[in-house]
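Written below as structure tokens is the structure these notes are about.
The values are calculated or read from the model by the stated rules, or taken from the named source; none is laboratory data. Fair warning: this is a prediction, and the values are worked out from it, not measured in the lab. Cβ placement follows ideal geometry from the backbone for every residue including glycine, while neighbour counts extend to all protein chains displayed.
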Amino acid sequence: MQPTITITLDGREVSGQPGMTVLELAEESGVDIPTLCHHPRLPSMGACRVCLVEDERNGSLVASCVAPIAPGMVINTLSDKVLESRRTIVKLMLASHPDACLVCNKGNRCQLRKIASDLDIGAVDLQRIPQLASIVEANPFLERDLSKCILCARCIRACQDLVVEGAIDYFRRGFTTVPTTLGDLPLEESECSFCGTCVALCPTGALMEKEGAYRGTAQTVVQTTCPYCGCGCSMGLEVKDNRVVRVVPGKEDTPNTGTLCIRGSYGCDFVHSPERLFTPWARRDSGIL
């Protein structure tokens, strides 16, 4: 058995296994550190820097999602230096983010909005640099609004590391950088299978389910099994007012490891169909009873 590594985290000693990051040990110890680009199903890359923490040994700020724990570390997740840096980073994101929260279908599911609220960020006092982009209907199930993209690369990593399609990557550089297909071609002309994993992992309203009307934020998620093929994929049904408002990938320790195909993500609208059968039919002779 490998020896554990002990560090001081917010004034108390905690121990973890070699190779763990500061963020992983904090989550295991019940310490909340905000993140945007990080996701437990994806390899860490430290893109957003919202998860900064302070190493009090030298006063340096490190991205906790990519910083491995080391013996003797003294980590402070809520120092004045940390909180001020997080606020600045989130303000910079909001400075190039449209003020569209009231009409954004992501609603209360937007993680950028939640983190800004937790950091007591209201009006942004920085010069705004809007990212001009129109809403694109990618297919009948989803739409893209890249004016809300924060370049966290979750969608790219989900496509490349989870779904293993590699349909999208970063395109162009600087302020014009966007996650899109090779040559910025339509998704229909790429390897995209429209599985919806990128939509499920997007932390903002840059990728959304195409909805005729805002359906609100569900308070209940029912874990179940996809009714289509026999793979046994896990899915979560977000339920509001006794109606399924959307489907999200289920638990990680299932055959689909937190992903769904196009049928699982967007094929469950039959649940509330008035033509749905509630009793079995049996074929007898030339008729159906």
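A few comments on the model shown:
Okay, residues lined up against (1) in contact with a helix residue (DSSP H, G or I) (Cβ under 9 Å, 6 or more places away or on another chain); (2) in a loop (DSSP other than H, G, I, E, B); (3) at pLDDT 85 or above; (4) farther than 27 Å from GLY107 by Cβ:
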residue	(1), (2), (3), (4)
PHE194	yes, yes, yes, no
TYR214	yes, yes, no, no
GLY258	yes, yes, no, no
PRO280	no, yes, yes, yes
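- Flag for THR35 being out of contact with any Pro (no Cβ under 8 Å at 6 or more places or on another chain), of a type in the set (S, T, N, Q), within 15 Å of ASP118 (Cα to Cα) and crowded, with 20+ Cβ neighbours inside 10 Å: yes
- Of the criteria (1) touching an Asp or Glu at 6+ places or on another chain (Cβ under 8 Å); (2) closer than 30 Å to GLU13 by Cα; (3) surrounded by fewer than 17 Cβ atoms within 10 Å (Cβ to Cβ), which one ASN58 fails: (1)
Condition check ((1) outside the structural domain of PRO18 (by TED's automatic domain parsing); (2) surrounded by 20 or more Cβ atoms within 10 Å (Cβ to Cβ); (3) assigned to a helix (DSSP H, G or I)) across all residues:
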{"position": "GLY72", "(1), (2), (3)": "no, no, no"}
{"position": "LEU102", "(1), (2), (3)": "yes, no, yes"}
{"position": "ASN108", "(1), (2), (3)": "yes, no, yes"}
{"position": "LEU112", "(1), (2), (3)": "yes, yes, yes"}
{"position": "ALA116", "(1), (2), (3)": "yes, yes, yes"}
{"position": "CYS152", "(1), (2), (3)": "yes, yes, no"}
{"position": "ALA158", "(1), (2), (3)": "yes, yes, yes"}
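- Residues (within 15 Å of VAL53 (Cβ to Cβ), small (Gly, Ala, Ser) and surrounded by 13 or more Cβ atoms within 10 Å (Cβ to Cβ)) located in region 2-16: GLY16
- Flag if LEU92 is assigned to a helix (DSSP H, G or I), more than 19 Å from ARG246 (Cβ to Cβ) and modelled with pLDDT under 95: yes
- Single condition GLY30 does not satisfy, out of (1) in contact (Cβ under 8 Å) with a residue 24 or more places away in the chain; (2) out of contact with any helix residue (DSSP H, G or I) (no Cβ under 9 Å at 6 or more places or on another chain); (3) small (Gly, Ala, Ser): (1)
- Selected residue [closer than 24 Å to PRO98 by Cα and either assigned by TED's automatic domain parsing to the domain that holds ARG41 or touching a strand residue (DSSP E or B) at 6+ places or on another chain (Cβ under 7 Å) (or both)] from LEU260, LEU207, LEU201: LEU207
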